[in-house]
1. Over all pairs of distinct alpha carbons, what does the Kirkwood formula give as the hydrodynamic radius of the chain, in Å?
2. Highest GNM mean-square fluctuation, the chain, Cα pairs closer than 10 Å: which of L70, L31, L94?
3. With +1 on each Lys and Arg Cβ and -1 on each Asp and Glu Cβ, and nothing else charged, work out how big the dipole of the chain is about its Cα centre, in Debye to the nearest 20.
4. Given 0.36 nm per residue, what is the gain on full extension from A19 to A84 after removing their alpha carbon distance, in nm?
5. Give me the mean projected area, in nm² to one decimal, of the convex hull enclosing the Cα positions of segment 10-55.
6. If I build a Gaussian network model for the chain, linking alpha-carbon pairs within less than 10 angstrom, which residue out of P66, P87, P141 has the largest mean-square fluctuation?
7. For segment 97-111, list residues with backbone N below 18 Å from a point placed 7 Å from the Cα of A7 toward its Cβ?
8. What is the dipole size for segment 85-152, taken about its Cα centre, with +1 at each Lys and Arg Cβ and -1 at each Asp and Glu Cβ, in debye to the nearest 20?
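Just so it is clear, none of the values below were taken in a lab; they were calculated from the coordinates. What you are looking at is a predicted structure, and each value in this text was computed from that prediction instead of being measured. Ideal geometry is used to build each Cβ from the backbone, glycine not excepted, and the neighbour counts take in all protein chains shown.
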Amino acid sequence: MADEPVAIDTAALDRWIRAFAAAIADNEEQLTRLDSAIGDADHGANMVRGMKAVVAKLAESPPANPAALLKQVGMTLVGTVGGASGPLYGTFFLRMATAAGDAEPLDQAAFAAALRAGVDGVVARGKAEAGDKTMYDALAPAVDALDAALGGEDANGALRAAADAA
């Protein structure tokens, strides 16, 4: 028997964002070390600060629907994360919010379209291309895999894997 289609509601997105915040916090030193080789060694601290602000904002003012949550995340990141990361991550989530529209919950296709819109926003904002060793190189394969799997038998598994990878 096939799995029931995955529906991504506001609570699921909230858990996803909190898991992302935890992953950033757990890897702060690694992010800083990687940034020190090419930048000013502040990426870990900047992202931790931004994600702490995101989690606090979610707790203070829980969004009503997926688009509102994604917009809140994007706006918070733009306002709290320095350097290029704030605008890039902010654009990713703001574009996802726009693509999500009024849907509650998001079905698989809507979530995939929102992720694709987020990646397209990163490309537009940062002029990234495959192989540039940017966040695009991490996000695009996950979204491509999800797009490819949505028509297949294991769309639920692909959706979970892409959400974990993004």
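1. Values: mean 1/r = 0.0620 Å⁻¹.
Here the Kirkwood hydrodynamic radius works out to 16.1 Å.
2. L31
3. I would put it at about 600 debye.
4. Values: separation 65, 0.36 × 65 = 23.40 nm, distance 2.23 nm.
Gain in length upon complete extension: 21.2 nm.
5. Numbers: hull surface 12.0 nm².
Quarter of the Cα hull surface area: 3.0 nm².
6. Of P66, P87, P141, the Gaussian network model singles out P141 as fluctuating most.
7. 100-111
8. On the way: 5 positive and 9 negative charges, 53 e Å.
So the dipole magnitude of segment 85-152 works out to roughly 260 debye.
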